[in-house]
Amino acid sequence: MKPDFFKRSALSRQLWEFRREFLWVGIFSMIANILMLAPTLYMLQLYGRVMKSGSELTLLMVTLFLLFFYAVMAFAEWLRSRLLVRAGVRLDEALNSLVFNASFEAYLNSARRHVAEAFSDLTNIRQFLTANGIIAFFDTPWTPVYIAVIFLLSPFLGWLSILFALIQLGVTWLSNRLSMKEIQIATDAGNDSYRYVQSKLRNIEPVHAMGMAGNLRQHWYRLHDASLAKAEESQDRQHRQQSFTKFVRYSMQSLTLGAGALMVIDGKMSAGSMIAANVLMSKALQPLDLVVATWKPFVQARTAFVRLEKLLEDFPERAPGSRHQDPFGEIRLEGLSATAEGRKTPILDNLTAMFPSGKVTVILGPSGSGKSTLARCIIGVWPDKKGRVLIDNEPVESWDRMELGPHIGYLPQDIELFDGSIAENIARFAEVDSIKVIEAAKRTGIHEMILRFPRGYNTQIGEAGSILSGGQRQRLGLARAMYGNPALLVLDEPNANLDDAGERSLLDAVNDLRKAGKTVLLITHRPSVLAAADILVVMQQGHIIHCGPRDEVLALLRPTEKKAG
Ligand code: ATP
């Protein structure tokens, strides 16, 4: 029967799938650990039977047996490591797409803190499962077995080994506990200073142009000094502890030998047993050391497990949305409000409107009036909203994203291109269909411009399109939005960086889209695109204050403009 723990979450269920592997790892650990007794038995045989009988044949036989046992032990250890590595890889394979999806969803829902950690959490769990740490957990239960054998050789040495095991556990646990917090503080301080430099390097141009480097360096010095001091403190403590632990370990090893010698002098034990007990003692203490040393990775893996479990629980794999017919792009807003964390007033306040399909709707409004937020609500990427956005009478969330995506063309204000070739970016990183890519480029008037690049459509554009000019980036984003002839285009300030020629191409493209019966929502500050508008929407402070045929709305606006003038 499945214990409750394993019923809890997708992650626990995945781990439960590996129960057979863990059982085998336990069996191989048992074989390896039992065979660890072979050198002890060998020694007893040498000091006992072989030395007494002087038989070379017996020596040869026991040696061959010993070598055989060593080979089996090595084989069992290899098998268990291999099993664990495979299990780790399979666990990763089973979870990575869930983690990938959950990270996307979390990011979309502004739960960004989770996302940065999610992939390292998965790696952490996999590494813990495949590293020495988990092996130590399988080996530790054998410590009592070794101690029991020491008891068989000499009860006095048996008790001594229990005492030493406790001392060793105590010392290693204490030193780990004392140093762990300091190591964490030192690592955090180092990361703070590194992050500070990284974030400033990202915006290096204004830093350099306005001579801000000196001020930033002062701030960085303070962070760096603090991180150096913490690192020094933590290393000092670690070295002190290592020296003490070494002293304890060496003392215990020699004291066992000394105690054994005492027993031999008293005639209570053979010299062979004395050495065998010494070897057994170090074997018994070995996994204890490892378990304590592995405690930190264990705690980290457990934290990673809990965090990942929560992420997968909060953002489970969505059931595929409903399949509808291809959209024709009518947009309806029903009491739509959008909010954001830390804001007292809503960004969009109870909007109700309809943007007809096959028409070009231009949205105007002053900065901060909520135009981009409306665009994001319409395409279904704004997390905190009330009310409904309907695409062809179906709530935007109910559409299957994979189905809907190709029918939507979205140009965000920040454009957001990706590292890759021009063709890949236009084709939205799907398999590149050259005909469609060239068609989209021609529609936005950038085909010739692309051909002027030495590698044409295969030109790598760098991170976020860094090798392109602002206008080129915008037009490439526009071509990406138009790729595959989507039914609904949401263009957020597509002309912000365009020159006259670029604007003319944009107007031509929008007119073509209208002729092709596409729905276009176009956000702008510039009146030049009004010529292309069928419907005009004017927004102010999160409200739609005008919405109607272009000329009617313009007529309403004129007296206000005159008065303002
Ligand atoms: P612009 O014309 O300058 O692009 P806009 O009309 O597109 O402006 P939005 O970007 O929609 O305006 O922003 C509307 C308001 O919402 C602004 O006051 C902005 O500060 C706020 N806002 C936008 N995004 C967020 C966010 N992620 N969190 C909190 N507030 C936000």
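What follows draws every value from the coordinates through simple rules; no lab data is involved. Bear in mind the structure is a predicted one, so any value in this text is a computation, not a measurement. In this analysis, Cβ positions are derived from the backbone assuming ideal geometry, glycine residues included, and neighbour counts consider all displayed protein chains.
Values as computed for the structure displayed
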| read-out | value |
| --- | --- |
| In nm, spacing of pseudo-spin labels at A209 and R401 (7 Å Cα→C-beta vector) | 3.6 nm |
| Fewest-first ranking of L404, L374, L41, using other Cβ atoms within 10 Å as the exposure measure | L41, L404, L374 |
| Value of [θ]222 nm, deg cm²/dmol, for the chain, DSSP H segments ≥ 4, -39500 (n - 2.57) each, nearest 500 | -21000 deg cm²/dmol |
| Sorted by Cβ density within 10 Å, fewest first, the residues R475, R177, R550 | R177, R550, R475 |
| A148-L451 pseudo-label distance in nm [points 7 Å out on the Cα-to-Cβ vector] | 8.4 nm |
| Options I363, G502, S337, ranked by Cα towards positive dipole end of the stretch 331-564, top entry (Cβ charges) | I363 |
| Cα gyration tensor category, rounded, prolate or oblate, for the chain with a/c compared to 1.5 | prolate |
| Cα lying deepest toward the dipole's positive end in the chain, options Y196, A148, Q413, charges on Cβ | A148 |
| Considering only the stretch 331-564, percent of DSSP beta bridges that pair antiparallel, nearest 5 | 55 percent |
| Beta bridges by DSSP in the chain, antiparallel share as percent, to the nearest 5 | 55 percent |
| Dipole moment magnitude, nearest 20 debye, the chain about Cα centre, only Lys, Arg, Asp, Glu C-beta charged | 1040 debye |
| Amide H partners (placed H, <5 Å) of H546, local residues excluded | V538 |
| Fewest-first sequence of H543, H447 by Cβ atoms within 10 Å of each Cβ | H543, H447 |
| Simple label model, 7 Å out from Cα along Cβ direction - M61 to L262, nm | 3.8 nm |
| Eligible lysines near K181 by straight Cα distance, threshold 17 Å, same-chain separation 8 or greater | K230, K296 |
| Residue-span extension gain [E313 to N191] - 0.36 nm each, minus C-alpha spacing | 41.0 nm |
